[in-house]
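Trainee: Take this structure first; my questions come after.
The values are calculated or read from the model by the stated rules, or taken from the named source; none is laboratory data. As the structure is a prediction and not an experimental result, all values here were calculated from the model. Here Cβ is always computed from backbone atoms with ideal geometry, including for glycine, and neighbour counts include all displayed protein chains. Ligands, DNA and RNA are excluded from the accessible area calculation, which covers all protein heavy atoms including side chains. Shrake-Rupley method; radii C 1.70, N 1.55, O 1.52, S 1.80 Å.
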Amino acid sequence: MAAAFSLASTFSHFSPPSRPPNRTPTPFFLSKSISLQNFTNPSSHLRYPICSLLPHNKNHTQISATTHTKLPPPSNPFASTWESLLIFSTSALLSFSLFLTDVDPAVAFVVTTPRKLQTDELATVRLFQENTPSVVYITNLAARQDAFTLDVLEVPQGSGSGFVWDKDGHVVTNYHVIRGASDLRVTLADQTTFDAKVVGFDQDKDVAVLSIDAPKDKLRPIPVGISADLLVGQKVFAIGNPFGLDHTLTTGVISGLRREISSAATGRPIQDVIQTDAAINPGNSGGPLLDSSGNLIGINTAIYSPSGASSGVGFSIPVDTVSGIVDQLVRFGKVTRPILGIKFAPDQSVEQLGVSGVLVLDAPANGPAGKAGLRPTKRDAYGRLILGDIITSVDGKKVMNGSDLYRILDQCKVGDKVTVEVLRGDHMEKIPVILEPKPDES
């Protein structure tokens, strides 16, 4: 059998039957049986036989009885006799039930030992336990009017993840997690839920900051690391709420660095994005990406997948980019980012013209480009299309497409004076432009 089951039984006046000294004891072979062995009870200083189930071979079990010392008579023979009879009857009934019961040897009397984890497993378990209290579950509620009663109801229209930034109750997540919400709720690791207010957001980088009025002892800020020294191949961990399954851990490695994705809200490119093969699914958005030390290195933002589920290609906004944005949102409630004040054509349209650069479709007169004199695309009196200026460089940095233009502007500040080189007709011109903030951020 897989394990041995033992039962102690007490006999006060029991001794093995006598037999001739030269006669060999005859063993009894049964399908399942017990053997009698001795052990010493230190409290009573008596020796008691033990009934234990021991294997003899593959198909049989041997029953034998042995004693080494003749038991001394007890002080109360009647009580000892009744005790012996009771325990002997119990042992006999148990043994008989074992004979009649069909017990699977592989399952019967199995004693499990404590699970032993490897060093890397222990490190992963510790990382999850230490960082889970920092991860929150965000519910996006939208106001809907009932078609029959005309009552306005709040209906969940989406969910995502986030993490505690500081003890003041600031929570960081993705902008697309909270977009279009009439109300927001944040659920902490201990399942307590708080109403959240939007502190600010940056649509271009898909980052948002919320605020909850929670006790400080319930808030555990996540440790913030750096993303400038990351290496391809190092281990990463993602914690989030995929498909509403709260606090799910997935692991992987950094598959690539300095990737570029577009913001879901504005289409503006996000540079230096981290690529990972850690499973990121709907609901993971806004959750933290951690290194092996448990430090934040990015915000899980997007996946590349034809089906919408994880395909092994996930993207996270680096923490170095996030930190600067969060600081501005907490202090000012907005991010001040410079713009040229133009609308430009899709890159494919410019390629069809056989040129490279950014074609200006519109340049409002009250914007930076309009004030500087950049010409938009328009039609003449006969309906013929007259192309506007094509931006080819900014401050000597070549512009091949819209992503190049955004990348250059991200390195500038509001109020900077830049030189924009454009192709106007069949000649090149250089036009100085003073950068301004977005109208809704001024």
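Trainee: Which condition does P105 not pass, out of (1) of a type outside the set (G, A, S); (2) assigned to a loop (DSSP other than H, G, I, E, B); (3) modelled with pLDDT of 80 or more, if it passes all the others?
Mentor: That leaves (3) as the condition not met.
Trainee: Among the residues of the range 401-442, write down those that are among the β-branched types (V, I, T), surrounded by 13 or more Cβ atoms within 10 Å (Cβ to Cβ), out of contact with any helix residue (DSSP H, G or I) (no Cβ under 6 Å at 6 or more places or on another chain) and more than 30 Å from G333 (Cα to Cα).
Mentor: Of everything in the range 401-442, those that are among the β-branched types (V, I, T), surrounded by 13 or more Cβ atoms within 10 Å (Cβ to Cβ), out of contact with any helix residue (DSSP H, G or I) (no Cβ under 6 Å at 6 or more places or on another chain) and more than 30 Å from G333 (Cα to Cα) turn out to be V420, V422.
Trainee: Can you pull out the residues in the range 369-393 that are open to solvent by less than 80 Å² (accessible area, probe 1.4 Å) and out of contact with any Leu (no Cβ under 7 Å at 6 or more places or on another chain)?
Mentor: Residues of the range 369-393 that are open to solvent by less than 80 Å² (accessible area, probe 1.4 Å), as a first pass: 369-370, 372-374, 376-377, 380, 383, 386, 388-393.
G370, A372, G373, L374, D380, G383, I386, S393, listed by residue number.
Trainee: Within the range 176-224, which strands (runs of 3 or more DSSP E) (wholly inside it) include 1 or more residues that are of a type in the set (G, A, S)? Write out each step before concluding.
Mentor: On the way: elements: 183-187, 193-202, 207-212.
Here the list reads 193-202, 207-212.
Trainee: In the set G298, G357, G341, G324, which member is of a type outside the set (A, V, I, L, M), surrounded by 21 or more Cβ atoms within 10 Å (Cβ to Cβ) and closer than 22 Å to G162 by Cβ? Break it down into steps so the answer makes sense when it comes.
Mentor: On the way: G357 fails: closer than 22 Å to G162 by Cβ; G341 fails: closer than 22 Å to G162 by Cβ; G324 fails: surrounded by 21 or more Cβ atoms within 10 Å (Cβ to Cβ).
Exactly one of G298, G357, G341, G324 is of a type outside the set (A, V, I, L, M), surrounded by 21 or more Cβ atoms within 10 Å (Cβ to Cβ) and closer than 22 Å to G162 by Cβ, namely G298.
Trainee: To continue, here is another question. Would a scan of the range 174-187 turn up a residue that is surrounded by fewer than 20 Cβ atoms within 10 Å (Cβ to Cβ) and over 23 Å from N281 (Cβ atoms)?
Mentor: Yes: the range 174-187 contains one or more residues that are surrounded by fewer than 20 Cβ atoms within 10 Å (Cβ to Cβ) and over 23 Å from N281 (Cβ atoms).
Trainee: Among the numbered criteria (1) among the hydrophobic types (A, V, I, L, M, F, W, C); (2) crowded, with 21+ Cβ neighbours inside 10 Å; (3) in a loop (DSSP other than H, G, I, E, B), which single criterion is violated by I317?
Mentor: Going through (1) among the hydrophobic types (A, V, I, L, M, F, W, C); (2) crowded, with 21+ Cβ neighbours inside 10 Å; (3) in a loop (DSSP other than H, G, I, E, B) one by one, I317 breaks only (3).
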